[in-house]
Each structure stands twice: as structure tokens, then as C-alpha cells.
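Engineer: Structure in C-alpha cells, see below.
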Amino acid sequence: MKKKFTWKKAIYIILGLLFAVALFSGIGYLVKSNSKESEAFLTRKPTVQNMDDKVMATGKIIPKEEIEIKPNIAGIIDKILVDEGDKVQAGQLIATVRIVPNIAEVNNAQQNVNNQQLQISNAKLNVENMRKQFEIQERLYKQGVASKQEYLNAQQQLYTTQQALRNAQQQLVTAQKSLLIAKTGATPELQGLATTQIRSKASGTVLEVPVKVGSQVIEANSFNAGTTICSIADLNSLIFQGEIDEAQAGKLKQGMDMNIVIGALQNKTFPGRLTMIAPKGKDNNGTIKFPVEGDVFNPNNEYIRAGFSANGEIVLTSKKNALLLDESLIQYEKKNGKDVPFVEVKQKDGKFKKAYVKLGASDGINVEILSGIDKNADVKVWNPSDKDKEELKDKAKK
């Protein structure tokens with residue numbers, strides 16, 4: 001007995017057929033698109049241009065010599081006669097310091113003076129008494145009543161008391177000087193050594209004035225570096241101070257020419273010369289850096305500020321009309337335990353063929369091709385970036 005055909009069954013059959021068609025169409029599209037993507041690659045041609053093999057050091061511009069002006073007397077800044085950026089000459093007055101006496105020191109010094117004055121008074125009385133005793137002994141000795149030993153003893157006692165008076169007078173002078181220093185900071189004979197007038201020790205430009213009027217300053221001595229009133233440097237004598245990676249340190253030698261590029265001056269370049277490569281590197285977040293220094297030449301006397309960030313370019317070799325290729329297009333394969341470089345070059349039939357190349361110098365972006373391909377070769381971009389993939393899609397749409 002035949003089953004009755006219904007519209008419900010017909011609808012199921014039609015839906016099944018539509019699903020099968022959609023499924024096979026989708027699979028076919030994916031296979032086709034994947035096949036095209038696998039076969040389509042971007043290519044790049046080598047370029048012919050000049051190439052410099054150079055080492056780059058990052059750093060800043062600093063004065064070759066920077067002098068810090070410090071007082072040799074403690075006190076309070078009374079006047080500041082210069083501003084940052086002013087040009088000063090050696091010996092020019094920069095600031096004045098006002099001495100603020102320490103009450104306790106003044107009182108102690110005054111008490112010491114009073115004590116010395118009292119000692120002098122007592123010493124004078126002793127001297128007068130000993131002189132009278134000596135005169136008596138001298139008369140008795142001449143009359144033959146006193147012995148010579150008694151006469152000599154009296155003479156010695158008179159000399160001792162006179163020496164004590166002289167010592168007391170010298171101590172009084174010292175105490176008076178201490179009192180004067182406690183009050184004014186110096187004595188007349190020390191005005192050239194300790195002075196309230198702070199003068200420049202050299203000619204140059206004032207870089208910084210870290211103190212203000214009213215600031216307390218401490219003198220420079222064996223136990224204290226002292227307070228810096230201002231720093232002065234000759235901005236016509238500048239150096240570049242920077243760092244390089246350890247991989248580049250072995251390529252450099254003292255005396256090499258370098259170009260100093262200052263970003264704050266619209267990347268203006270100044271000539272220079274490498275003067276120092278540190279014998280010891282420093283660990284900077286796991287990377288070894290070697291400090292370097294170089295003279296900066298300023299033939300046009302342009303105004304260069306101390307502290308400008310700068311890059312030092314040291315050219316090792318320079319090649320004209322070199323055949324260069326993006327270094328990211330180079331691939332490597334193992335042969336006899338060595339990494340052999342090669343590229344994939346597009347042929348006339350659209351397929352790619354492996355070509356072994358000999359590499360030269362590299363600047364980190366492009367590498368010189370010594371042999372293996374010419375400037376007309378279409379080299380396969382085997383590791384395209386997101387930008388390359390977008391370019392590839394644009395070409396496929398066209």
C-alpha cells in the first residue's frame with residue numbers, strides 16, 4: 001500500500017535541498033578563497049641607494065666644565081646680583097652674604113675676653129711684685145748679704161712672671177679676634193680669605209641660581225661641601241654625553257668623527273669627535289650600556305642650551321649606490337650547521353623560486369645584497385604585517 005504524499009513532506013524535501021546547496025556553495029567559496037589567498041603574495045623590489053653603517057648613541061649636551069660657586073663663610077644671602085642666563089666675568093660680584101651672629105658664641109667669646117683681661121691685670125701685679133723683690137735681692141747681692149743663687153732665683157722669677165704677662169696679652173688678642181669673628185664673620189687680616197662678597201671664579205654663563213635672598217648658606221670646608229650659590233659654565237665649550245649598546249662598543253675608537261643631532265633645534269646637526277668610551281659598562285634594566293663622550297663643535301656660534309637631548313651618530317662605513325632590501329624579507333635555512341640566507345623570487349609563471357643571497361652591511365632596517373638577485377627581482381613578502389595584508393586585500397578587490 002502506497003503512502004500518501006503530503007505538502008508537509010514536500011516542504012521538508014525542499015528545505016533539505018536548499019540546505020545542501022547552501023552548504024556546498026559555502027564550502028566551495030571557502031576552498032576557492034583560501035586557494036587564492038595561499039597563492040597571492042605581495043612582493044618587494046630591492047632599491048639602489050646610499051647606505052651608512054652607523055652607530056647611534058642617545059644622550060644629552062652638557063658643559064665641558066661647570067663651576068659651582070660656594071661661600072667660604074656661613075650666613076644669610078643678602079643680595080643676588082645675577083640671574084640665570086647672564087654672562088659673567090671672572091671676579092665679578094655675584095652675591096653678598098650677611099653674617100648673623102650666634103648669641104651663644106658671642107657671649108662665650110666676650111666672656112673669654114673678660115677672663116683674659118682679668119688675667120692680664122693679675123699678671124701685671126705679679127710682675128710688679130717680682131720686680132720689687134728682684135731689686136731688693138739685687139741690692140743685697142751687691143752688698144754681699146745675699147748669695148748669688150738667691151739673686152739668680154729672683155731674676156728667674158721676674159722673667160717667668162713677665163713671660164706669663166706676655167702670654168696673657170697674646171691670649172687677649174686671640175680672644176678679641178674670636179669675638180670679632182663671632183660678630184662679623186672675619187677679622188681685618190682675613191678679609192681676603194673669608195669675605196661676605198661672593199665673586200665669580202671664572203667667566204661664562206650663569207646656568208642656575210638655586211638660592212634666594214634670605215636663604216641660609218653654609219661655607220665649604222673639609223666636612224661639608226657647602227651651599228651652591230650659582231653654577232657657571234662656558235657654553236662655547238660643550239660635550240655630548242651618551243650611552244651605546246654593548247654590541248656596538250667594539251666597533252668604536254677614540255677620535256672617530258660623529259654627528260650630534262639636537263632634536264630641540266629642529267634636528268639640526270653639529271659636527272663632533274668621539275673622545276671617550278668607558279672601559280666598564282653599566283647595567284640598565286638588564287641591558288649593558290657603555291657611556292661615551294664627544295666634543296661638540298659649533299662653527300656658527302649658535303646658541304645651544306646645556307641639557308638638550310641629543311643623538312650621536314658615528315658613521316663606520318659609507319657605501320654609494322648599494323643594492324638594499326628590507327631585512328625582514330630575508331629567510332634562513334640550515335646548511336652544514338650554518339644559517340644560509342635566501343629569498344623567494346617571483347617567476348614569469350607566477351610561482352616563487354628560492355634564491356640564495358650574500359648579505360653585506362645592515363642598518364637595522366635594510367640590508368645590502370652583494371649577490372644572488374638584482375634590482376628587478378620581485379621578492380616575496382613571506383611574513384606580511386597587518387598593513388601588508390590590507391594592501392593584499394585591496395589588490396584582490398581590484
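The values are calculated or read from the model by the stated rules, or taken from the named source; none is laboratory data. Just so we're clear, the structure is a prediction, and the values are computed from it rather than from any experiment. Glycine gets a Cβ as well: all are built from the backbone with ideal geometry, and neighbour counts include every protein chain shown.
Engineer: Considering only the stretch 284-398, give the strands (runs of 3 or more DSSP E) lying wholly within it that have at least 2 residues that are closer than 30 Å to MET258 by Cα and free of Cβ contacts under 8 Å to residues at least 40 places away in the same chain. Outline the logic, then answer.
Structural biologist: Details: elements: 287-296, 309-326, 331-335, 338-346, 352-356, 358-362, 366-371.
Qualifying strands (runs of 3 or more DSSP E): 358-362.
Engineer: Considering only residues that are charged (D, E, K, R) and surrounded by 13 or more Cβ atoms within 10 Å (Cβ to Cβ), look in the stretch 53-71 and name the one that is farthest from ILE304 (Cα to Cα).
Structural biologist: ASP53
Engineer: Another question about this same structure. Which one of PHE290, PHE297 is within 41 Å of the chain's Cα centre (by Cα), within 30 Å of ALA264 (Cβ to Cβ) and either surrounded by fewer than 19 Cβ atoms within 10 Å (Cβ to Cβ) or of a type in the set (Asp, Glu) (or both)?
Structural biologist: That would be PHE297, the only listed residue that is within 41 Å of the chain's Cα centre (by Cα), within 30 Å of ALA264 (Cβ to Cβ) and either surrounded by fewer than 19 Cβ atoms within 10 Å (Cβ to Cβ) or of a type in the set (Asp, Glu) (or both).
Engineer: Against the conditions (1) of a type outside the set (Ser, Thr, Tyr); (2) modelled with pLDDT of 90 or more; (3) out of contact with any Ser or Thr (no Cβ under 7 Å at 6 or more places or on another chain), where does ASP363 fall short? Just the number, please.
Structural biologist: Here ASP363 clears every test but (2).
Engineer: Going by the structure shown, is LEU152 under 30 Å from LEU180 (Cα atoms), loosely packed, with under 15 Cβ neighbours inside 10 Å and free of Cβ contacts under 8 Å to residues at least 40 places away in the same chain?
Structural biologist: No; evaluated as a whole, the condition is false for this residue.
Engineer: Another question, then. So which strands (runs of 3 or more DSSP E) are wholly in the stretch 33-152 and hold at least 2 residues that are aliphatic (A, V, I, L, M) and in contact with a helix residue (DSSP H, G or I) (Cβ under 9 Å, 6 or more places away or on another chain)?
Structural biologist: By residue number, 47-63.
Engineer: As an exercise: evaluate ALA220 against (1) touching a residue at least 24 places away in the same chain (Cβ under 8 Å); (2) within 22 Å of the chain's Cα centre (by Cα); (3) in a loop (DSSP other than H, G, I, E, B) and give the number of the one condition it does not meet.
Structural biologist: It fails just one condition, (2).
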